[in-house]
Amino acid sequence: MSTLEIVDLHASVETDTGEQPILRGVDLTISQGQTHAVMGPNGSGKSTLAYVIAGHPKYQVTQGSITLDGADVLEMSVDERARAGLFLAMQYPVEIPGVSVSNFLRTSATAVRGEAPKLRLWLKEMKEAMAALSIDPSFAERSVNEGFSGGEKKRHEILQLELLKPKIAILDETDSGLDVDALRVVSEGVNRYRESGQTGTLLITHYTRILRYIHPDFVHVFVDGRIVESGGPELATTLEDEGYEKFIAAVRASVAS
Amino acid sequence: MSPVMAPASDHAPLVVSYDPEAFEVPTGREEEWRFTPLARLGGLHEHPQASAVPKVSVSSLDGVTVSDVPLTELQGDASAAPIDRISAIAWSGAESVTLVAIAPETTVDEPVEISIDTPAGVSFAQLRIEVGAFSHVSVAIRFTGEGVFAGGIQVHAADQSKATIATVVDQDASAVNVSRLHVRLGRDAVVKSSIITLGADLVRMNASVEYTAPGGDVELLGLFFADGGQHHEHRVFVDHSQPHGRSSVIYKGALEGEGTHTVWIGDVLVRADAIGIDTYEVNRNLVLSDGARADSVPNLELETGEVVGAGHASATGRFDDEQMFYLRARGIDEDLARVLVVRGFFADILGRTGIPGLADSVMRTIDARLGVTDLVADVLGVDDEVDS
């Protein structure tokens, strides 16, 4: 069983005014089969957590550790992390002009699986995965993310999730910018893959809306670069009713004291 | 400061001559030469003696006649007339002109393959492709070898002919290539020219277009990939002197490495008589690393407002770290990610050359220089493995 273990993680970003700490001691353990929701207000650093796990070069880890089944993730390059079984569904997927979705997906699947999938089987697999997400077949010939609507971008991210079959999936605000129909389709895709039992899921979100479709086992409140409260699904209900103010106020009080 | 620069109202060169001595040796301060590292021209300006003979071979095809024509026979034809010292040297230093003629009303199904191998030393060659009226032909020209070369390629497309020309410069790292491609179009002739520059230490490739009658349509495509300190310079001059012509110029370059320099100068002139023309020119460059420099200068000069369209654009961008992160976050290693982005950048040009197999061979050369020799999925979308 795979486990992603984050211990006392501190990370900062280089700015014009010097090094700016963003993550201030994150502890989180995600095992295969579990779904964790990390919820927090804007600017709390929850997306930074996703990018630091994936290895974005913009952030420097200053303290702490991330391990996947005991292997040191921080020692791995971005692509090594993906090949080790980490997947980040991005909030703002990047356009790659001139590179078709079909070739991107096959190149990526080849890299992650360690061998090129047999073409015929691959085409069938890709077509089925696309159909399940209500993605039009013509999509395969378009350039990656170029001219995609918000919903198309997110469906394309979940398509990759289903094809790359990671051990740990991190979904960074996958719900942002989606209307209800698109949210449902995308959530169904995530749930399909979760039901396979192969993945641990880290769901990063500002709103509780997506949690009506993807039910978490654990909910964590993220404020000021760390987890300030953890609980079960009921914590999401509390957040929906009361918002983040209580938690923000508590952090301010502790800083002031 | 620029004594030989033409006045702004007329792009015709001040000196046109077959005699090299009619032209001064440039100092490097002239507008025409200010981007070119003159010391790396292999003595083309100073020592105008051929010390080698290039090997020119033309594939044998039905409907295509190949002959050697004495220089004097074609001299006096204005379109061949040299416009600078090196083009005059390249003319007078060539033994003869290799004439590739396609008879009128002929369709040549296969591409005519022309190879120009430049051995060590200094060598010159002149090539003329004459496409007869109503004929269709495609021609693939490939430069190889290690030498210092200067030459000229003239394409004469007669009335309503259609010519697709691709010129690939794939010489060795020590080579120099200073060439001029001149396209002359008859009434309603359609010419597509692709210039693909990959090799050599220094390449200076001029492409000029002349319309002799209304309705000519030219598409100039360019692709260059420069690294390891290479200098790739492309100059375009489209002279719209006739009504209802069309020109579309798209050059794209990718470059990396300390001291690598690419230059693109695109001049389009629309003369007062050239009413109803449609022209667009664009240069895009992708800088893959620090230390490489791209210069890009589009010039559009309109002497009439009665045009269907006239535009130009130029953009030079840095390699995008976010694209790299996205691809690597999907398990694709750094070298392969760069190949994907560069292939994507060039895909529109390579998809349009009209020469079968060219895109694939060009991209494999570039892949190898980016450190990837085995690409599983073909990002150009040529799914040759699909047999169902």
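Here are the numbers for the structure shown:
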{"item": "Within chain A, helix-based [θ] at 222 nm, where runs of 4 or more DSSP H residues each add -39,500 (n - 2.57), nearest 500", "result": "-11500 deg cm²/dmol"}
{"item": "Inter-probe distance in nm under a simple model that places probes 7 Å from Cα toward Cβ, at A:K165 and B:K55", "result": "5.3 nm"}
{"item": "Computed accessible area, A:L123, all protein chains, 1.4 angstrom probe, square angstrom", "result": "50 Å²"}
{"item": "Under 5 Å, built H, 5+ apart or other chain: amide partners of B:E113", "result": "B:S59, B:A140"}
{"item": "Accessible area per residue, Å², segment A:30-175 with all protein chains present, probe 1.4 Å", "result": "36 Å²"}
{"item": "Cα centroid separation - segment B:297-376 against segment A:97-142, whole Å", "result": "22 Å"}
{"item": "Entries in A:K127/B:K252; A:K124/B:K252; A:K58/A:K167; A:K124/B:K162; A:K46/A:K167 that, when Cα-Cα distance is taken, lie over 31 Å", "result": "A:K127/B:K252; A:K124/B:K252; A:K124/B:K162"}
{"item": "Karplus 3J(HN,Hα) series, Hz, for segment A:8-16 with 6.51 cos²θ - 1.76 cosθ + 1.60 (x for Gly, Pro)", "result": "6, 7, 10, 8, 9, 10, 7, 10, 4"}
{"item": "At R0 = 51 Å, FRET efficiency that the Cβ-Cβ distance of A:E146 and A:T237 yields, to 0.05", "result": "0.80"}
{"item": "Relative contact order of chain A, defined on C-alpha pairs under 8 angstrom at six or more residues apart (%)", "result": "27 percent"}
{"item": "Heavy-atom accessible area per residue - segment B:246-303, 1.4 Å, Å²", "result": "33 Å²"}
{"item": "In order through segment B:102-116: 3J(HN,Hα) via Karplus (6.51 cos²θ - 1.76 cosθ + 1.60), integer Hz, x for Gly, Pro", "result": "10, 4, x, 6, 10, 10, 9, 6, 8, x, 6, 9, 10, 10, 10"}
{"item": "Reachable aspartates and glutamates, given that their alpha-carbon falls under 17 Å from the alpha-carbon of B:K192 and they are not under 8 places away in the same chain", "result": "B:D109, B:E110, B:E113, B:E130, B:D159, B:E210, B:D217, B:E219, B:D239, B:D278, B:E281, B:D348"}
{"item": "Chain B: angle of helix B:334-350 to the longest principal axis, Cα-based, in degrees nearest 10", "result": "30 degrees"}
{"item": "Carbon plus sulfur fraction of accessible area for segment B:117-187, probe 1.4 Å, in percent", "result": "48 percent"}
{"item": "Cut-off under 5 Å, modelled amide H: who pairs with A:T35 long-range", "result": "A:T201, A:D217, A:F218"}
{"item": "Under the span-like rule (Cα at least 24 Å along the axis, Kyte-Doolittle mean at least 0.0), DSSP H helices of chain A", "result": "none"}
{"item": "Highest-fluctuation residue, A:G98, A:G189, A:G243 considered, GNM on chain A with Cα pairs under 10 Å", "result": "A:G98"}
{"item": "Backbone N within segment B:280-317 under 18 Å of label point (7 Å from B:S241 Cα along the Cβ vector)", "result": "B:301-304"}
{"item": "Test item: B:333-341 mean partner chain Cβ contacts at 10 Å", "result": "4"}
{"item": "Between helix B:358-369 and chain B: long-axis angle, C-alpha atoms, 0 to 90°, nearest 10", "result": "60 degrees"}
{"item": "Per-residue ³J(HN,Hα) for segment A:22-30, Karplus 6.51 cos²θ - 1.76 cosθ + 1.60, θ = phi - 60°, Hz, x for Gly and Pro", "result": "10, 9, 10, x, 9, 10, 7, 10, 10"}
{"item": "Max mean-square fluctuation residue, GNM over chain B, Cα-Cα springs under 10 Å, options B:A133, B:A157, B:A200", "result": "B:A133"}
{"item": "Distance-filtered residues of segment B:267-284 - backbone nitrogen under 19 Å, label point 7 angstrom along B:T304 Cα→Cβ", "result": "B:268-281"}
{"item": "B/A buried area, accessible surface, summed, 1.4 Å probe, Å²", "result": "2600 Å²"}
{"item": "Max mean-square fluctuation residue, GNM over chain B, Cα-Cα springs under 10 Å, options B:P37, B:P82, B:P111", "result": "B:P37"}
{"item": "Peptide A:84-97, shielding by other chains (average Cβ, 10 Å cutoff)", "result": "4"}
{"item": "Expected 222 nm ellipticity per residue - DSSP helices of 4 or more, -39500 (n - 2.57), all of chain B, to 500", "result": "-3500 deg cm²/dmol"}
{"item": "Accessible area of chain A belonging to carbon and sulfur atoms, whole % at 1.4 Å probe", "result": "50 percent"}
{"item": "Projected label distance in nm at B:E110 and B:A368, using a 7 Å step from Cα toward the beta-carbon", "result": "2.4 nm"}
{"item": "Probe 1.4 Å, all protein chains present, accessible-area order of A:R212, B:R34, largest first", "result": "A:R212, B:R34"}
{"item": "Inter-label distance, nm, simple model (7 Å from Cα along the C-beta direction), A:K118/A:R209", "result": "4.4 nm"}
{"item": "Nonlocal amide H pairs with B:T197, under 5 Å, H built at 1.01 Å", "result": "B:V169, B:L223, B:F224, B:F225"}
{"item": "FRET efficiency, A:K246 to B:F319 (Cβ-Cβ, R0 35 Å, nearest 0.05)", "result": "0.15"}
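The values are calculated or read from the model by the stated rules, or taken from the named source; none is laboratory data. Note that this is a predicted model, so its numbers are computed, not measured. As a convention, Cβ positions derive from the backbone with ideal geometry for all residues, glycine included, and neighbour counts pool all protein chains shown. Accessible surface is based on the protein model in full, side chains and every heavy atom, while ligands, DNA and RNA are left aside. Shrake-Rupley method; radii C 1.70, N 1.55, O 1.52, S 1.80 Å.
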